[in-house]
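Visitor: Okay, here's the structure, questions in a sec.
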Amino acid sequence: MNPSRRIASGLTHLRRLSAAAEAPKPAAAPPPPEAARPVRIYRRLSPLAGFGGSVPKTLNEYIMEGRKLSKLDLVRCAKELRKYRRYEHALEVMQWMEKRNINFAYADHALNLDLISKVEGVDAAENYFNSLPESAKNLVTYGTLLNCYCKEANEDKALALFNKMDELNFSSTRLAFGNLMTLYLRLGKPEMVPSLVAKMKERKIPLDSYAYVLWMQSYASLDDIEGVEMVWQERLNDSSQCDDWTVYSNLAAIYVKAGLFEKAESALRNLETFMKPQNREPYHFLISLYAGTSNLKEVNRVWESLKVAFKSPTNFSYLVMLQALHRLKDVEGLLKCFKEWESGCCSYDERLAKVAVSACLEHDMLEEASRLFDEAIRRSNRPFFKGGEVFMLYFLKKGEVDLAMEHLAAVIARAEGEGWRPDAVITDAFLKHFEETKDTDSAEKFYELLKNEEGVKVIASKVLLKTYIAAGRTAPEIREMLERDDITMDDELYNLCEKVCAS
């Protein structure tokens with residue numbers, strides 16, 4: 001019996017899934033006409049996030065099939081993966097290229113630098129930059145490193161590099177100033193952005209749409225809607241600016257956050273007049289922002305327009321729509337949309353199943369949530385860890401810690417060899433419950449489940465000790481237990497142990 005059914009049975013009887021016939025394997029049926037066409041490598045790489053798998057292995061298998069891979073194809077794949085935030089896979093594509101001594105252009109070095117920063121951290125990106133030949137340390141790669149520092153909100157390094165770029169005449173670009181603007185917005189210093197705009201004007205650097213957006217956001221961060229509208233009016237009067245849907249989407253987002261829904265929807269109507277029909281992204285923004293104004297009718301209208309423009313919406317498009325319906329608490333519409341996707345999807349994406357499961361549980365539709373959870377595991381042939389975590393949070397909220405623990409045990413059993421570790425929100429939720437209920441027995445069970453899991457056993461130890469402290473109990477034997485279980489002591493764990501294990 002699937003663990004989710006066993007767990008849910010404590011509250012309700014679940015109906016059995018009807019036996020569904022498996023789709024025939026390609027070898028068992030004549031191949032469709034398009035099977036003879038070359039398979040785009042991105043179609044092989046994209047599903048790896050949902051199903052697991054190795055990028056190098058996938059690329060090698062593609063080559064072994066006698067197919068050719070050009071550098072252009074590989075770079076396009078890396079950029080597309082980055083676009084959908086599959087940073088690790090994108091970096092693995094670039095690393096695969098490096099191992100085969102495929103020459104990198106300056107732009108390729110910049111792409112690699114950006115991905116290293118996202119996956120391995122800014123220090124690794126800095127080391128990569130320093131290892132580049134001097135000829136490759138140019139405006140493009142300097143600008144990318146500046147972007148890395150700004151995204152990490154490292155003000156000292158960002159300003160030092162900007163000054164170095166100034167010396168090399170690399171700083172008088174809209175991109176460099178845009179990076180500094182994002183830095184100050186991240187640091188909670190929006191008041192610094194207008195002075196950067198003034199410097200751009202002094203240097204006669206034309207403002208682009210991105211600069212106007214950041215300038216508007218700086219005023220929005222100060223709750224200065226008049227300032228936002230002053231910048232907007234200046235942009236409208238700037239003859240160098242072309243109509244750009246992204247500016248309208250940002251203006252609408254500012255109005256949504258401020259609760260000015262009428263103005264937001266006016267901006268969204270303008271957005272629709274400037275978007276290109278064959279670009280999915282503006283449709284996604286329209287759906288999300290109309291959800292922000294609580295306008296279900298417009299959300300559904302835009303979704304239908306997207307489906308007319310694109311006969312086969314992508315998994316990501318369905319994800320955006322499901323998230324919007326979840327936000328609007330339209331569980332009936334959400335399940336209808338989810339089933340539509342599920343009936344025709346080419347690759348099963350667990351992110352969509354997680355939204356559907358979450359929505360059902362928020363409406364206490366436990367039976368339907370369990371059915372969706374089981375089906376996701378069957379269809380994806382993966383453990384669906386995120387779905388299990390949703391059930392843990394649901395049962396903890398209901399005070400059903402035993403059922404939450406059973407789901408935790410089920411996830412651990414499915415995770416063997418998968419490298420799973422619970423998110424901080426999960427361990428924090430268990431700790432909150434244990435502390436509030438002073439339930440040291442359950443905390444001990446929690447520890448026993450996780451004590452052999454690398455990367456989380458120290459956290460489980462802290463949860464146990466903090467629960468004992470909340471309960472006002474001491475337990476000298478815990479110190480010996482931690483030593484026996486080979487738990488590495490950091491300063492926090494040592495101090496907790498001193499409080500709980502005092503003789």
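The values are calculated or read from the model by the stated rules, or taken from the named source; none is laboratory data. The structure displayed is predicted, hence computed values, not measured ones. A quick note on method: Cβ atoms are made from the backbone with ideal geometry, for glycine too, and the neighbour counts reach across all protein chains shown. We work out accessible area using only protein heavy atoms, side chains counted, and drop any ligands, DNA or RNA first. Shrake-Rupley method; radii C 1.70, N 1.55, O 1.52, S 1.80 Å.
Quick grid of which residues meet (1) touching a Ser or Thr at 6+ places or on another chain (Cβ under 8 Å); (2) surrounded by fewer than 22 Cβ atoms within 10 Å (Cβ to Cβ):
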| position | (1), (2) |
| --- | --- |
| S317 | no, yes |
| M321 | no, no |
| A324 | yes, no |
| K329 | no, yes |
| E332 | no, yes |
| E340 | no, yes |
| S347 | yes, yes |
| R351 | no, yes |
| V357 | no, no |
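Visitor: Sticking with this one: Name the residues in the range 463-503 that are among the polar types (S, T, N, Q) and open to solvent by 30 Å² or more (accessible area, probe 1.4 Å), would you? Spell out how you get there, then give the answer.
Guide: Within the range 463-503, the subset among the polar types (S, T, N, Q) is 467, 474, 488, 495, 503.
T474, T488, N495, S503, listed by residue number.
Visitor: Can you pull out the residues in the range 432-467 that are among the basic types (K, R), at pLDDT below 95 and closer than 19 Å to E406 by Cβ?
Guide: Correct list: K451 only.
Visitor: Is there a residue in the range 206-215 that is in contact with a Leu (Cβ under 8 Å, 6 or more places away or on another chain) and of a type outside the set (V, I, T)?
Guide: Step one: list which residues in the range 206-215 are in contact with a Leu (Cβ under 8 Å, 6 or more places away or on another chain), which gives 214-215.
Checking the rest, the ones that are also of a type outside the set (V, I, T) come to 214-215.
Within the range 206-215, one or more residues are in contact with a Leu (Cβ under 8 Å, 6 or more places away or on another chain) and of a type outside the set (V, I, T).
Visitor: Pick from the range 432-450 the residues that are on the phi < 0 side of the Ramachandran plot and among the basic types (K, R): which of them is farthest from the chain's Cα centre (by Cα)?
Guide: Pass one, the range 432-450, residues on the phi < 0 side of the Ramachandran plot: 432-437, 439-450.
Filter again for among the basic types (K, R), leaving 432, 445.
Working: K432: 25, K445: 31 Å.
Across the range 432-450, the extreme among qualifying residues is K445.
Visitor: For residues that are open to solvent by 60 Å² or more (accessible area, probe 1.4 Å) and under 16 Å from Y128 (Cα atoms), tally how many sit in the range 76-97.
Guide: Looking only at the range 76-97, we keep the residues that are open to solvent by 60 Å² or more (accessible area, probe 1.4 Å), and these are 76, 79-80, 82-85, 87-88, 95.
Next cut, under 16 Å from Y128 (Cα atoms) only: 95.
Result for the range 76-97: 1.
Visitor: Just for the range 166-183: of the residues that are of a type outside the set (G, A, S) and touching a Gly at 6+ places or on another chain (Cβ under 8 Å), which one is most open to solvent (accessible area, probe 1.4 Å)? Break it down stepwise before answering.
Guide: Restricting attention to the range 166-183, the residues satisfying the condition of being of a type outside the set (G, A, S) are 166-170, 173-175, 177, 179-183.
Subsequent filtering for residues that are touching a Gly at 6+ places or on another chain (Cβ under 8 Å) retains 170, 173, 175, 179.
Values: F170: 45, T173: 39, L175: 111, N179: 8 Å².
Once the filter is applied, the top-ranked residue is L175.
Visitor: Okay, moving on. Can you go through V256, V302 and tell me which one is at pLDDT 95 or above, over 30 Å from V197 (Cα atoms) and surrounded by 16 or more Cβ atoms within 10 Å (Cβ to Cβ)? Outline the logic, then answer.
Guide: On the way: V256 fails: over 30 Å from V197 (Cα atoms).
After applying the criteria, what remains is V302.
Visitor: Within the range 221-232, identify whether any single residue is closer than 18 Å to F274 by Cα and either aliphatic (A, V, I, L, M) or at pLDDT below 95 (or both), and answer yes or no. Talk me through it step by step, then tell me what you get.
Guide: Here is the first cut: in the range 221-232, the residues closer than 18 Å to F274 by Cα are 232.
Those left that are additionally either aliphatic (A, V, I, L, M) or at pLDDT below 95 (or both): none.
No, because not a single residue in the range 221-232 is closer than 18 Å to F274 by Cα and either aliphatic (A, V, I, L, M) or at pLDDT below 95 (or both).
Visitor: Just to be sure before I move on: is E416 outside any helix (DSSP H, G or I), free of Cβ contacts under 8 Å to residues at least 60 places away in the same chain and either of a type in the set (D, E, K, R) or surrounded by 13 or more Cβ atoms within 10 Å (Cβ to Cβ) (or both) in the structure I sent? Walk me through how you get there before you give the answer.
Guide: Values: outside any helix (DSSP H, G or I): yes; free of Cβ contacts under 8 Å to residues at least 60 places away in the same chain: yes; either of a type in the set (D, E, K, R) or surrounded by 13 or more Cβ atoms within 10 Å (Cβ to Cβ) (or both): yes.
When the stated conditions are applied, E416 passes them.
Visitor: Return yes or no: is A160 farther than 23 Å from V228 by Cβ, free of Cβ contacts under 8 Å to residues at least 12 places away in the same chain and of a type in the set (A, V, I, L, M)? Break it down into steps so the answer makes sense when it comes.
Guide: Values: farther than 23 Å from V228 by Cβ: yes; free of Cβ contacts under 8 Å to residues at least 12 places away in the same chain: yes; of a type in the set (A, V, I, L, M): yes.
Here the answer is yes, as A160 does meet what is asked.
Visitor: Which count do you get for residues in the range 419-450 that are under 14 Å from F391 (Cα atoms) and open to solvent by less than 30 Å² (accessible area, probe 1.4 Å)? Can you show your working first?
Guide: Residues of the range 419-450 under 14 Å from F391 (Cα atoms): 422-423, 425-427, 429-430.
Those left that are additionally open to solvent by less than 30 Å² (accessible area, probe 1.4 Å): 422, 426-427, 429-430.
Count: 5.
Visitor: Continuing with this model, one more query. Which residues, counting only those in the range 134-156, are open to solvent by 70 Å² or more (accessible area, probe 1.4 Å) and not hydrophobic (A, V, I, L, M, F, W, C)?
Guide: Correct list: E134, S135, K151, E152, D156.
Visitor: Right, something else. Can you tell which of D123, D114, D73 is open to solvent by 70 Å² or more (accessible area, probe 1.4 Å) and either assigned to a helix (DSSP H, G or I) or of a type outside the set (F, W, Y) (or both)?
Guide: Numbers: D114 fails: open to solvent by 70 Å² or more (accessible area, probe 1.4 Å); D73 fails: open to solvent by 70 Å² or more (accessible area, probe 1.4 Å).
Only one candidate passes the filter, namely D123.
Visitor: Does S503 count as modelled with pLDDT of 95 or more, of a type in the set (S, T, Y) and either under 30 Å from H363 (Cβ atoms) or part of a loop (DSSP other than H, G, I, E, B) (or both)? Step through it out loud before you land on a result.
Guide: Details: modelled with pLDDT of 95 or more: no; of a type in the set (S, T, Y): yes; either under 30 Å from H363 (Cβ atoms) or part of a loop (DSSP other than H, G, I, E, B) (or both): yes.
Answer is no for this residue.
For every residue, the table says whether it meets (1) under 16 Å from V456 (Cβ atoms); (2) under 21 Å from the mean Cα position of the chain (by Cα).
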position	(1), (2)
H363	no, no
A376	no, yes
N381	no, no
F384	no, yes
M392	yes, yes
E400	no, no
A413	yes, no
E416	yes, no
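Visitor: Does D402 qualify as being modelled with pLDDT of 95 or more and not in a helix (DSSP H, G or I)? Show your work before the answer.
Guide: Numbers: modelled with pLDDT of 95 or more: yes; not in a helix (DSSP H, G or I): no.
When the stated conditions are applied, D402 does not pass them.
Visitor: Still on this model: Of all residues in the range 451-462 being open to solvent by less than 90 Å² (accessible area, probe 1.4 Å) and not basic (K, R), which is nearest to V500 (Cα to Cα)?
Guide: Going through the range 451-462, the residues open to solvent by less than 90 Å² (accessible area, probe 1.4 Å) turn out to be 451, 453, 455-462.
The next check asks that each one be not basic (K, R); those that pass are 453, 455-456, 458-461.
Details: E453: 23, G455: 23, V456: 20, V458: 16, I459: 16, A460: 15, S461: 12 Å.
The extreme case among them is S461.
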